[in-house]
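Asks: After the structure tokens below, expect a handful of questions from me.
No value in this document is a laboratory result; all are computed from the given coordinates. None of these values were measured; they are calculated from a predicted model. Reconstructed Cβ throughout: ideal geometry from the backbone, glycine too, with neighbour counts over all protein chains shown.
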Amino acid sequence: MFQNLTDRLQSVFSKLTGRGKLSEADVDAAMREVRMALLEADVNFKVVKEFVAKVRERAVGADVMQSLTPGQMVVKIVLEELTALMGGNEARLALSGRVPNVIMLVGLQGAGKTTAVAKLANLLRKQGKRPLMVACDVYRPAAIDQLEALGRELDIPVYRGEGTDAVAIAREGVKNAVDRLRDLVIIDTAGRLHVDEEMMDEAAQIKTAVRPEQVLMVVDAMTGQDAVNAASAFAERVDFDGVIISKLDGDARGGAALSIRAVTGKPVLFASVGEKTDNLEVFRPDGMARRILGMGDVVSLIEKAQEAFDETTAADAEERLRAGSFTLDDFLGQLRQLKKMGSIKDIMAMIPGANKLPKDAEIDEHALVRTEAIIQSMTARERVKPSVINGSRRERIAAGAGVTVYDVNQMLKQFAQAQKMVKQMGSQQGKRKRRGMGMPGMPF
Amino acid sequence: MSAWLDRLTQGLSRTREQLSGQLNVLLGRGPDVDEAFWTDLEDALIGADMGVVAVNEMVERLRDAAKRQALPDARAVLEHLAAEIAAELRRPDTEDFIAASPSTVLVVGINGTGKTTTVGKLAKAAADEGRTVLIGSADTFRAAAVEQLHIWADRAGVPIVESERGTDPASVAFDAVKRAALTGTDLLLVDTAGRLHTSRDLMAELSKVKRIVERESAAPVHTLLVMDATTGQNGLTQAREFNSAVGVDAIALTKLDGTAKGGIAVAVVRELGIPILRIGVGEGADDLKPFDPEEFAAALVGLG
Ligand SMILES: Nc1nc2c(ncn2[C@@H]2O[C@H](COP(=O)(O)OP(=O)(O)OP(=O)(O)O)[C@@H](O)[C@H]2O)c(=O)[nH]1
Ligand SMILES: [Mg+2]
């Protein structure tokens, strides 16, 4: 696995105890590590060169702040510069007063355009828009069917034209939106190679025909060095306005996002983080900078947690908590909230320092699944009153959950601890309103 | 659809022209093997997604070799490197299980790498050779995945076993294997849903599909990982995870008709010993080629 930059720099600077200014030699050694980290994150090598040169200039002779080690000081400078390069403040989707507004998505094959169209439509509908999706990928087999199926799922209308003229379909799609009183059109286009003249021409023609407010390029987060070639060509031929970075729920560092920003100047607007239609988020440059360096993304973590936390469950659990009757059902409910946040490994990847955990301290994700299975194998009465769970019940539950009796015992022990904790918290808190994550005694 | 194919072939030849225009940057700068040459070579290899650590080692070794063997000029150095990479990529013990009969091939990979298209191309090629082919559609997740595969099956003129969206992929795979055995199929191709290697649930689901297929298939079962040539360093992690979940026997490297070189595949072959069997060079039915290590290595170092 890749080492994160802080760790790398820690070892570079471990020989140094002195404070004061960063020397040229120190900075050079640090820059070698920064370069490696960025290249391993798939930032384009040309971008890395420029970036490192810039950071070096700023770092040499810089005062090391009182509270920081030289390594931390370099990380601070690198992070600041990287965030600035990523675009500083969050860029926004620029729409106009025209009705309907038009957004067009472009990109290479397999980047995730069609799903992104549906996700974007879903997101913007939540913000009060009435979207129509237009299927202009007349090449890939069943691409139009795919968009239609997504439309049905979301209950968002889809315009599918006739024939194979993508430009005409786009034009008619916009007209169709007017007829249907839709105020937003999102156009799905075929995946195309940036070196395919004719197809690039088609994209440019669609753009001319419908004059979209925004053209967004969908880029796979796993893309390597070639991202800049593709993005430059798309910038030149269709002059897109922003980027949707897809498949960010994987573990790729996503250096392509940085490269594209650096080379084309186009901001990343959205991040696609899962296969579900609500897995589209507003992109955060600072979080991305940390991710590229392997330094965790606390902000995203907090957001994810908040989203996953279902208010009703929270209120419910809180009620019981105050009454001191936190049952296994509540425990299960909280577990499920946690699971909604994504795989534990994903979450851990966002916590700074968590990737420093030794291998054997790795979180046992199966424990979650196991605990869920165990509780599900209990009767309603057992869940409310675990004290009735005797030896033979334990055996039955273990068999039902496909675990050992030992696992059941462990789980019950953990729950008892959790319950005790909850009781204490409940009495301490009294009537004070408590919101947020309440996950006492999780099995890890 | 013929307009579609026309467009494609035209696009492809243009791609090649563009590529050859870009090639030989390293040769174009003259025969001298100076410091600037080594720096440029390093950049070119990193730019081909070979990975910075691997490139450092490679260039180190190459510098040595250049000195020891007194390689006369830039071309000689590049040829030496290409030969070295080709040797690594060549796996003489590789069995082309796709060409064998009977054979069951499970096609897996990340979302959007080209699995379905590759299944379509493989089906077409095998059917053209007069082999009996059956396609199993175990992507019961993605919208219109079955419809897409259906069109490919029609193009190849081969039957398909499919099921409702949302059904257990393992059960479709089961049906496909049964049907293949009943009909004396030479080649059964099972398409699966794209999935991220980081999703435990989906990887477990895939293992289950593999288990069922292995249990039920009388024909030998192999797994083909479809990798996108534009993938960066994460490609190695992908291959590792898929390999540990289902065991990967070979790789199909797609989208080599773009400008990406697919250097990460070298890392995969090196670390996991998984051979590359096919390359994808376009969206058409005939755009799947056998993998040629020499050609690939030459293109990688800019000698293509
Ligand atoms: N240029 C090019 N495009 C390809 C190649 N192989 C596949 N594609 C395109 O890549 C896109 C995705 O291909 P699919 O076959 O649908 O990919 P998949 O892996 O089945 O995708 P999911 O099932 O959604 O995960 C399509 O637009 C294909 O036409 C190739 O070798 N070159
Ligand atoms: Mg598919």
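Asks: Amide H to amide H under 5 Å from residue B:247: which residues, 5+ apart in sequence or cross-chain, H placed 1.01 Å off N in plane?
Replies: none
Asks: Then there's this: Taking 8 Å as the Cα distance limit and 6 or more residues as the minimum spacing, I'd like the relative contact order of chain B as a percentage. Display every interim value, and only then the final one.
Replies: Values: 524 pairs, mean separation 73.2, N = 304.
Relative contact order for chain B comes out at 24 percent.
Asks: Can you give the FRET efficiency to the nearest 0.05 for residue B:79 and residue B:271, using r as the Cβ-Cβ distance and R₀ = 25 Å? The partial results should precede the final answer.
Replies: On the way: r = 25 Å, r/R0 = 1.00.
Rounded to the nearest 0.05, the efficiency is 0.50.
Asks: Could the peptides A:35-42, A:397-404 be put in order, highest first, of the mean number of other beta-carbon atoms found within 10 Å of their residues? Write out the running numbers ahead of the final one.
Replies: On the way: A:35-42: 23.4, A:397-404: 17.1.
For the peptides A:35-42, A:397-404, the packing ranking is A:35-42, A:397-404.
Asks: Let me check I have the definition right: for chain B, take the eigenvalues of the Cα gyration tensor, multiply each by 5, take square roots. What are those semi-axes in whole Å, largest first?
Replies: Values: eigenvalues 289, 83, 53 Å².
Gyration-tensor ellipsoid for chain B: 38, 20, 16 Å.
Asks: Here is a follow-up. Just to be sure I follow the definition: excluding the sites themselves, where is the longest run in chain B that has none of the GluC sites (Glu not before Pro) in a DSSP loop with at most 12 other Cβ atoms within 10 Å?
Replies: Details: sites that count: B:129, B:164.
The segment B:165-304 is the longest one with no such site.
Asks: Related question: What angle do you read, to the nearest 10 degrees and between 0 and 90, between the alpha-carbon axis of helix B:35-47 and the longest principal axis of chain B?
Replies: It is inclined by approximately 10 degrees.
Asks: Out of residues 5 or more away from residue B:196 or on other chains, whose amide H comes under 5 Å of its own, with H placed 1.01 Å from N in the peptide plane?
Replies: For residue B:196, whose amide H was placed from the backbone, the distant partners under 5 Å are B:111.
Asks: Net charge near residue B:152, counting Lys/Arg +1 and Asp/Glu -1 over other residues with Cβ under 15 Å of its Cβ? Walk me through the numbers before you get to the answer.
Replies: Values: positive: A:140, B:115, B:121, B:124, B:142, B:155; negative: A:145, B:128, B:139, B:147, B:154, B:162, B:191, B:283, B:286, B:287.
So the surrounding residues net to -4.
Asks: Okay, next question. Cross-link list B:124/B:289; B:121/B:289; A:76/A:266: which exceed 18 angstrom alpha carbon to alpha carbon?
Replies: Over 18 Å apart, Cα to Cα: A:76/A:266.
Asks: Express in whole angstrom the spacing between the alpha-carbon centres of segment B:103-171 and segment A:193-234.
Replies: The two parts, judged by their Cα centres, are 28 Å apart.
Asks: Additional query: Given H placed 1.01 Å from N in the peptide plane, which residues other than close sequence neighbours of residue A:102 have an amide H under 5 Å from its amide H?
Replies: A:185, A:213, A:214
Asks: If each of residue A:181 and residue B:60 carries a label point 7 Å out from its Cα toward its Cβ, how far apart are those two points in nm?
Replies: For the pair residue A:181/residue B:60, the computed spacing is 7.1 nm.
Asks: Using a ≥ b ≥ c from the Cα gyration tensor of segment A:205-261 (square roots of the eigenvalues), is it rounded, prolate or oblate, where a/c under 1.5 gives rounded and otherwise the larger of a/b and b/c decides, a/b for prolate?
Replies: Values: a/c = 3.10, a/b = 1.90, b/c = 1.63.
Prolate.
Asks: While we're looking at this one, here's another question. Would you calculate, for chain B, the mean residue ellipticity at 222 nm contributed by helices, counting each DSSP H stretch of 4 or more residues as -39,500 (n - 2.57) and dividing by all residues, to the nearest 500? Can you show the working numbers first?
Replies: Numbers: 12 runs with 159 residues, N = 304.
The helix-only estimate for chain B comes to -16500 deg cm²/dmol at 222 nm.
Asks: Among A:124-133, B:221-230, A:261-270, what's the highest-first ranking by average C-beta atoms within 10 angstrom per residue? Write down the numbers at each step before the final one.
Replies: Working: A:124-133: 17.7, B:221-230: 26.0, A:261-270: 20.3.
Most protected by this proxy first, the peptides run B:221-230, A:261-270, A:124-133.
Asks: Give me a single rounded figure for A:127-133: the average over its residues of other chain Cβ atoms within 10 Å of their Cβ.
Replies: Working: counts 0, 0, 0, 0, 0, 0, 0.
So the per-residue partner count for this stretch is 0.
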